Structures are given as C-alpha cells and as structure tokens.
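Could you have a look at this structure, given as structure tokens, before my questions?
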Amino acid sequence: MINGIKQDAEERMGKSIVSLDSAFAKIRTGRAHPSLLDSVRVSYYGSVTPLSQMANISVEDARTLAVRVWEKQMVPDIEKAIMKSDLGLNPSTAGEVIRIPLPMLTEETRKGYTRQARQEAENAKIAIRNIRRDALADVKELEKEKEISEDDERRAQDDIQKVTDRFIAQVDATLAVKEKDLMAV
C-alpha cells in the first residue's frame, strides 16, 4: 500500500517535470527553434489545428524559422495566426514559405523571460508540494484506519519527503540551465 502511494506520487511529480520542460520550451531564447511555434493554432476547415500539423517548421539559420505550408491557400491564415500569437513575431511570406526572423533579445526582454521561467519553476514546485501533501494525507489515512503502524507511517513520510526533495532539486537545476541559456548573449 505504502509503495503504491509512493509510486503514484513519484509518477505525478515526474509529470510535473515534463510539464515544466514543455513550458520552458515555449520561452524563447536568442536562437531559433521549431518548438517556439508549438502554441500556434490555426483555423483549418472549421477546426483549430496546431501549426505543426499543417506545415513543416525548420530552422533556416540561428535567427530565422522557415514554415513550409502544405496547402498554399492556408498561407495567409497561418501568417495571421503567427502574428496574433503572443510571441511577438513578424512573418514574411515568399510563395508557400513563411520566414520568421527572430528579433534580437534586449536585456529587458531577457530579464522578462527569466522572470517568466522562474514563475513556471515556482508553479512546478507548488504542484510537487501538492502531490506530497496528497501522498502524506493518504499515508495518514492508512495509519488512522490501523492498516499500518506509526513507525511505518513515519518511514513513509520520510521517503515521500526524500522523493519531493529530489524533484524540487531537479526543478531548480532545470531552471538554472534555462536562466543561463536566456542570459547568454
């Protein structure tokens, strides 16, 4: 029972780390990367579709993304969707290829992105702590129902805290890498 609770908590904390990684992928660094456009959605025959399902996104050079649209008539819609996204990008079209130059990051925007990264890391830590709270409540409930002893409860609490500490340290390490990446000129 206790192992099941610990296993579940560890799985859910791992999902928090995966979620943090995807949130960090959306925070722009100075380099072009196809994942920057993951959040862009385009209206496609009445349904909202991710851009990656309508075009091939590639890196042309360190500061330019190229979007090769599969259906030529969708080019204007995709261009509008990229402009409307909160990424602050201005695409330029040449036939069925949309080029997206990434503007240089100023010191101010770098700091803003760093603040955003810290906020995402804090949200991940909060999620991990909530998972710990749930797991500890489950262990407490087992002890209350006399299914485990007080010693087993204490050991389980210590184990869950160790798992939590490990995942919090992982969040901090991931944040440090992202901050270093953001502040590199």
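How many residues does segment 131-185 hold that are of a type in the set (Gly, Ala, Ser) and farther than 30 Å from ALA117 by Cβ?
The total comes to 3.
Using beta carbons and a limit of 8 Å, which pairs, at least six apart or on different chains, have the first residue in segment 172-185 and crowded, with 16+ Cβ neighbours inside 10 Å and the second one among the basic types (Lys, Arg) and in a helix (DSSP H, G or I)?
LEU175/ARG118; GLU179/ARG118; LEU182/ARG110
Looking at (1) surrounded by fewer than 18 Cβ atoms within 10 Å (Cβ to Cβ); (2) touching a Lys or Arg at 6+ places or on another chain (Cβ under 9 Å), which is the one condition that is false for ILE128?
Single failed check for ILE128: (1).
OK, next. Would you check if there is a residue in segment 3-15 being surrounded by fewer than 16 Cβ atoms within 10 Å (Cβ to Cβ), in the same structural domain as ARG166 (by TED's automatic domain parsing) and in contact (Cβ under 8 Å) with a residue 40 or more places away in the chain?
There is at least one residue in segment 3-15 that is surrounded by fewer than 16 Cβ atoms within 10 Å (Cβ to Cβ), in the same structural domain as ARG166 (by TED's automatic domain parsing) and in contact (Cβ under 8 Å) with a residue 40 or more places away in the chain.
Sticking with this one: Could you check, for segment 1-11, whether at least one of its residues is at pLDDT below 85 and either part of a helix (DSSP H, G or I) or of a type in the set (Ser, Thr, Tyr) (or both)?
Looking for residues that are at pLDDT below 85 and either part of a helix (DSSP H, G or I) or of a type in the set (Ser, Thr, Tyr) (or both), one finds at least one in segment 1-11, hence yes.
Have a look at ARG110, ARG129, ARG133, ARG115 and point out the one that is in contact (Cβ under 8 Å) with a residue 60 or more places away in the chain, closer than 30 Å to VAL171 by Cβ and in the same structural domain as ALA9 (by TED's automatic domain parsing).
Criteria check complete, one pass: ARG110.
Right, next: Take the residues in segment 77-86 that are touching a strand residue (DSSP E or B) at 6+ places or on another chain (Cβ under 8 Å) and over 17 Å from LYS26 (Cβ atoms), then tell me which one is surrounded by the fewest Cβ atoms within 10 Å (Cβ to Cβ).
ASP77
So which pairs qualify, if the first residue must be in segment 84-99 and in contact (Cβ under 8 Å) with a residue 12 or more places away in the chain, the second must be part of a strand (DSSP E or B) and of a type in the set (Gly, Ala, Ser), the Cβ gap must be under 6 Å, and the two must be at least 6 apart or on different chains?
Final answer for the pair search is VAL97/ALA66; ARG99/ALA66; ARG99/SER92.
Is segment 14-26 home to any residue that is small (Gly, Ala, Ser) and part of a loop (DSSP other than H, G, I, E, B)?
The answer is no; no qualifying residue exists.
Do we have ALA66 as part of a helix (DSSP H, G or I), surrounded by 13 or more Cβ atoms within 10 Å (Cβ to Cβ) and in contact (Cβ under 8 Å) with a residue 12 or more places away in the chain here?
In short, no.
Also, quick follow-up: Pairs only if they're at least six apart or on different chains, beta carbon under 7 angstrom, first in segment 43-54 and assigned by TED's automatic domain parsing to the domain that holds PRO76 and closer than 25 Å to HIS33 by Cβ, second assigned to a strand (DSSP E or B) and at pLDDT below 85; list them, first residue then second.
Close Cβ pairs (under 7 Å, with a partner that is assigned to a strand (DSSP E or B) and at pLDDT below 85) amount to MET54/TYR44.
The values are calculated or read from the model by the stated rules, or taken from the named source; none is laboratory data. The structure displayed is predicted, hence computed values, not measured ones. Note: ideal-geometry Cβ built from the backbone for every residue, glycine included; neighbour counts use all protein chains shown.
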